[in-house]
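First up is the structure itself, then whatever we jot down about it.
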Amino acid sequence: MDLSNLKPAKGSTKSKRRIGRGQGSGKGGTSTRGHKGQKSRSGYSRKTGFEGGQMPLQRRVPKFGFKNINRKEYKGINISTLQELAEARKISDIDVDILIEAGLARKNSLVKILGNGELKTKLNVKAHAFSKSAVAAIEAVKGTVEKI
């Protein structure tokens with residue numbers, strides 16, 4: 001066996017339908033395009049969303065609101081989650097890299113520490129942002145807060 005006599009398995013391939021090759025083929029005459037009309041002509045293409053002249057959906061539906069291009073989206077992490085992480089790994093310093101390792105944040109995400117839950121151990125936390133309640137909870141147990 002060599003490359004010159006390779007062919008696909010029997011029945012695995014179909015031959016292409018040959019349109020416009022005479023009446024005897026059953027696909028001659030109008031070549032499956034029907035009679036007359038814009039779609040039967042060569043070079044026909046319609047714009048995306050075109051509805052035959054009817055007002056298209058994207059123009060019928062009203063617009064409202066806006067997207068703030070300067071918005072910063074933070075990944076919120078509660079201090080109860082930090083407490084669990086500190087107990088599991090036996091650590092007192094928590095920064096973004098540790099949160100990424102633990103799967104709590106992604107590489108490019110901004111992290112905000114939120115004050116939900118209870119903190120029992122002293123932690124030194126480094127993050128992009130903190131809520132007031134989180135800062136109060138961390139400093140209540142003699143921990144430190146550092147914004148990156």
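Quick note: the coordinates plus some simple rules give every number you see, no bench work behind them. Model, not experiment: these values are computed from the prediction. We place every Cβ from the backbone using ideal geometry, glycine too, and count neighbours over all the protein chains shown.
Each label point was placed 7 Å from the Cα along the Cα-to-Cβ direction; for LEU104 and GLN23 their separation is 8.0 nm.
Across all Cα atoms of the stretch 1-46, the radius of gyration (one decimal) and Dmax (whole number) stand at 17.6, 53 Å. Taking amide H atoms as placed 1.01 Å from N in the peptide plane, the amide H of VAL111 lies under 5 Å from those of LYS75, HIS128, ALA129, each 5 or more residues away in sequence or on another chain.
If both residues of a DSSP beta bridge must be in the chain, then about 5% of such bridges are antiparallel. Karplus-based coupling profile of the stretch 121-131, in residue order and whole Hz: 9, 6, 10, 9, 10, 10, 8, 7, 7, 9, 7, with θ = phi - 60° in 6.51 cos²θ - 1.76 cosθ + 1.60 and x standing for Gly or Pro.
Does the stretch 74-147 come out rounded, prolate or oblate, given a ≥ b ≥ c as the square roots of the eigenvalues of its C-alpha gyration tensor, rounded meaning a/c under 1.5 and, failing that, prolate meaning a/b above b/c? Don't skip to the end; give the middle numbers.
Numbers: a/c = 1.66, a/b = 1.21, b/c = 1.37.
Judged from the Cα gyration tensor, the stretch 74-147 comes out oblate (a/c at least 1.5, b/c at or above a/b).
Loop-located chymotrypsin sites (Phe, Trp or Tyr not before Pro) in the stretch 15-111 (DSSP state not H, G, I, E or B) with no more than 16 neighbouring Cβ atoms inside 10 Å: TYR44, PHE50, PHE64, PHE66. Per-residue Karplus couplings for the stretch 60-68, computed as 6.51 cos²θ - 1.76 cosθ + 1.60 with θ equal to phi - 60°, are listed in order as 6, 7, x, 9, 7, x, 7, 9, 7 Hz, Gly and Pro entered as x.
Expressed as a whole number of Å, what is the distance separating the alpha-carbon centroids of the stretch 106-148 and the stretch 25-51? Between the Cα centres of the stretch 25-51 and the stretch 106-148 lies a distance of 64 Å. In the frame of its principal axes, the chain has Cα extents of 91, 62, 23 Å, reported largest first. Ranked by how many other Cβ atoms sit within 10 Å of their own Cβ, fewest first, the residues HIS35, HIS128 fall in the order HIS35, HIS128.
Between ILE69 and VAL141, residue separation times 0.36 nm minus the direct Cα-Cα distance comes to 22.1 nm. Computed from label points 7 Å out along Cα-Cβ, the spacing between VAL61 and GLU87 is 4.7 nm.
Distant-in-sequence amide contacts of ASP95, defined by a placed amide H-H separation under 5 Å and a gap of 5 or more residues or a different chain, comprise LYS126. Qualifying GluC sites (Glu not before Pro) in the stretch 9-111, where qualification requires a DSSP coil assignment and no more than 10 other C-beta atoms within 10 Å, comprise GLU73.
Ordered by packing density, taken as the mean number of other Cβ atoms within 10 Å over each peptide's residues, highest first, how do 2-14, 114-126 rank?
Per-residue mean Cβ counts within 10 Å order the peptides as 114-126, 2-14.
Would the stretch 105-148 count as rounded, prolate or oblate if I go by the C-alpha gyration tensor, calling it rounded below 1.5 in a/c and otherwise prolate when a/b exceeds b/c, oblate otherwise? Since a/c reaches 1.5 and a/b is larger than b/c, the shape of the stretch 105-148 is classed as prolate. Sequence-ordered 3J(HN,Hα) estimates for the stretch 37-50 from the Karplus curve with 6.51, -1.76 and 1.60 and θ = phi - 60° stand at x, 4, 6, 7, 7, 6, x, 6, 8, 10, 5, 4, x, 5 Hz, glycine and proline given as x.
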